[in-house]
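Engineer: Submitted below is the structure of interest, expressed as structure tokens.
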Amino acid sequence: MSISIAIEVINHLRKHGYVAYMVGGVIRDKLLGRPIGDIDIASDARPEDTLRIFPKTIPVGIEHGTVIVRWKHESFEVTTFRKESDYADFRHPTEVHFHKSIEEDLSRRDFTINAMAMSSDGTIIDPLDGRSDIKRRQMRAVGDPLERFYEDPLRMMRAIRFVGVLGFSLEEKTRQALLKQAHLLKNVAVERNRDEFEKLITGEYCQSGLQLLIESSIHRFLPGKDYERLLPYVNREWNQLIRIEERWAVIGFCLQVKQLKQWLRDWKLPTNKIKKIIRLSALIQSSDDLKSDWSLYEYGPFDLESVVRMEWFLNVDEPVEFTESELRSRYERLPIKRRSDLAVNGHDIQQILGWKPGPWLGDLMAVIERNVVENRLENNRFVIKEWVQQWGYRQEKS
């Protein structure tokens, strides 16, 4: 998203007599030189004011003070400065109080590195010294970490996620609170834990995050069991696994999950992602020669390159049979990429033999297809016709 467009939104609020700042992750990522994701804006404008002064809005969370503002084809959450009371359900505050202070608003946030604001002129408001924590590369809860984690236990998973994404450590008081209150995570919906877990396992420093996940016993409140089995693999090169499905498949393999599909369902993963993970898991556990020309043809280079990466990860001391580039090059040299590339079709075969249609036709096409792929038969109409005639002759004689 664009900071310059966010500044336009802030200036539009200012033009109407309100104060506004960019808040949260955008400030953190800007200071770290990381790519900017979503940009949130905090303002003393109440939701009804925001709805009134902007032409395109979406009232997604008015009761909590949030309105989505559409500006130049981008979306920004504009939230009224607020302070929250007790959290009855470990997530939603019982009451939300709107007020006029950005400092009060920042004091309700989870971690100091997320509790900074920036005005349209670039001035950073940092009452909790988040910049110092960024320099120390540490995660520190805002105020009392026991209270922050009790308010919303997902913050513990967020802490571990940030360790895995940013490579930060946990400030000791925050770490002790996480160890003490890990059991509260059972009150968090699986979908919310899943979203944080996926960000963790795809993080640049996921080794550190996974180590903390296990050491803190947080894993005991996630779907599945025996996450300690990951420990021998924690310090391997996770960044060599490019697709998130590869990481899920490897974790399932390391945990020796017996009912993989059910485990993935327990994580509430989408059906299409589950299918991809199961496919990769089956390939990595297969005893077949997955590097053969037929396997390249059947599965394609995309999945087999994943297998190469997963095999490399799981068997770091063993030589890799093929590299990804070699697989891709071999795939490009295959005589056909799909059955429709064959020089003949079922109608041609039927005409050559003069036989009535039947199951034999599909079986014969499959034989021709495999012979062509494995270079035992040239993909040439006349060559295949001659081969089919000889095959038909043998069938009639037998």
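Engineer: Could you check how many residues of region 39-70 are under 11 Å from L13 (Cβ atoms) and either of a type in the set (A, V, I, L, M, F, W, C) or surrounded by fewer than 18 Cβ atoms within 10 Å (Cβ to Cβ) (or both)? Please lay out each step first, then the result.
Structural biologist: Going through region 39-70, the residues under 11 Å from L13 (Cβ atoms) turn out to be 41-45, 49-50, 53-54, 69.
If we keep only those that are either of a type in the set (A, V, I, L, M, F, W, C) or surrounded by fewer than 18 Cβ atoms within 10 Å (Cβ to Cβ) (or both) too, we end up with 41-42, 45, 53-54, 69.
The total comes to 6.
So that you can scan it fast, the table gives a plain yes or no per residue for (1) in the same structural domain as L32 (by TED's automatic domain parsing); (2) touching a Phe, Trp or Tyr at 6+ places or on another chain (Cβ under 7 Å); (3) polar (S, T, N, Q):
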position	(1), (2), (3)
A117	yes, yes, no
R140	no, yes, no
Q176	no, no, yes
E198	no, no, no
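Engineer: Restricting the search to region 183-226, which residues are part of a helix (DSSP H, G or I), polar (S, T, N, Q) and over 12 Å from R158 (Cβ atoms)?
Structural biologist: Within region 183-226, the subset part of a helix (DSSP H, G or I) is 183-187, 190-201, 206-215, 218-221.
Filter once more, so that each one left must be polar (S, T, N, Q): 187, 193, 207-208, 211.
Result: N187, Q207, S208, Q211.
Engineer: If a residue must be in contact (Cβ under 8 Å) with a residue 60 or more places away in the chain and either assigned to a strand (DSSP E or B) or not assigned by TED's automatic domain parsing to the domain that holds V9 (or both), how many such residues does region 56-72 contain?
Structural biologist: Looking only at region 56-72, we keep the residues that are in contact (Cβ under 8 Å) with a residue 60 or more places away in the chain, and these are 69, 71-72.
So of that shortlist, the ones also either assigned to a strand (DSSP E or B) or not assigned by TED's automatic domain parsing to the domain that holds V9 (or both) come out as 69, 71.
Going through region 56-72 one residue at a time, the tally reaches 2.
Engineer: A further question on this structure: If the Cβ limit is 7 Å and pairs must be 6+ apart or interchain, which residue in region 311-339 that is under 30 Å from Y233 (Cβ atoms) pairs with which residue that is modelled with pLDDT under 80?
Structural biologist: Close Cβ pairs (under 7 Å, with a partner that is modelled with pLDDT under 80) amount to E311/V320; W312/V320; E321/K291; F322/K291.
Engineer: Another one. Mind listing whichever residues of region 31-55 are within 28 Å of the chain's Cα centre (by Cα), among the small types (G, A, S) and in a strand (DSSP E or B)? Explain how you work it out, then say what you get.
Structural biologist: Taking region 31-55 first, the residues within 28 Å of the chain's Cα centre (by Cα) are 31-42.
From what's left, among the small types (G, A, S): 33, 37, 42.
A42, the sole residue that qualifies.
Engineer: Does R192 satisfy the condition of being farther than 30 Å from Y299 by Cβ and within 17 Å of the chain's Cα centre (by Cα)? Walk me through how you get there before you give the answer.
Structural biologist: On the way: farther than 30 Å from Y299 by Cβ: yes; within 17 Å of the chain's Cα centre (by Cα): yes.
Spelling it out, R192 is indeed farther than 30 Å from Y299 by Cβ and within 17 Å of the chain's Cα centre (by Cα).
Engineer: Let me ask you something else. I want to confirm something. Restricting to region 185-201 and keeping residues that are touching a residue at least 40 places away in the same chain (Cβ under 8 Å) and crowded, with 19+ Cβ neighbours inside 10 Å, which single residue is nearest to Q262 (Cα to Cα)?
Structural biologist: F197
Engineer: Something else now. Scan region 106-148 for residues that are within 24 Å of the chain's Cα centre (by Cα) and surrounded by 18 or more Cβ atoms within 10 Å (Cβ to Cβ) and jot them down. Let's see the steps before the verdict.
Structural biologist: Residues of region 106-148 within 24 Å of the chain's Cα centre (by Cα): 110-111, 113-114, 137-139.
D110, F111, I113, N114, Q138, M139 - these are the residues of region 106-148 that are within 24 Å of the chain's Cα centre (by Cα) and surrounded by 18 or more Cβ atoms within 10 Å (Cβ to Cβ).
Engineer: Quick one: is R161 under 18 Å from S107 (Cβ atoms) and part of a helix (DSSP H, G or I)?
Structural biologist: Values: under 18 Å from S107 (Cβ atoms): no; part of a helix (DSSP H, G or I): yes.
For R161, the condition - under 18 Å from S107 (Cβ atoms) and part of a helix (DSSP H, G or I) - is not met.
Engineer: Within region 95-108, can one find any residue that is touching a Ser or Thr at 6+ places or on another chain (Cβ under 8 Å), at pLDDT 95 or above and assigned to a loop (DSSP other than H, G, I, E, B)?
Structural biologist: Checked against the condition, which is being touching a Ser or Thr at 6+ places or on another chain (Cβ under 8 Å), at pLDDT 95 or above and assigned to a loop (DSSP other than H, G, I, E, B), region 95-108 yields no hits at all.
Engineer: Could you give me the residue pairs with C-beta distances under 9 Å whose first residue belongs to region 366-394 and is more than 15 Å from D348 (Cβ to Cβ) and assigned by TED's automatic domain parsing to the domain that holds V344, whose second residue is outside any loop (DSSP other than H, G, I, E, B) and hydroxyl-bearing (S, T, Y) wherever it lies, and which are 6+ apart or on separate chains?
Structural biologist: Cβ pairs passing all conditions: R370/Y297; V373/Y297; E374/Y297.
Each row is one residue, and each column tells you yes or no for (1) in a helix (DSSP H, G or I); (2) under 19 Å from V308 (Cα atoms); (3) aromatic (F, W, Y).
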position	(1), (2), (3)
A249	yes, yes, no
K261	yes, no, no
L269	no, no, no
K276	yes, yes, no
L283	yes, yes, no
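Engineer: Does region 226-248 contain any residue that is among the hydroxyl-bearing types (S, T, Y) and without any contact (Cβ under 8 Å) to a residue 24 or more places away in the chain?
Structural biologist: Of all residues in region 226-248, those among the hydroxyl-bearing types (S, T, Y) come to 227, 233.
Narrowing the set further to residues that are without any contact (Cβ under 8 Å) to a residue 24 or more places away in the chain leaves none.
No: region 226-248 contains no residue that is among the hydroxyl-bearing types (S, T, Y) and without any contact (Cβ under 8 Å) to a residue 24 or more places away in the chain.
The values are calculated or read from the model by the stated rules, or taken from the named source; none is laboratory data. Since the model is a prediction, treat every value here as computed from it, not as a measurement. Here the Cβ is made from the backbone with ideal geometry for all residues, glycine too, and neighbour counts use every protein chain on show.
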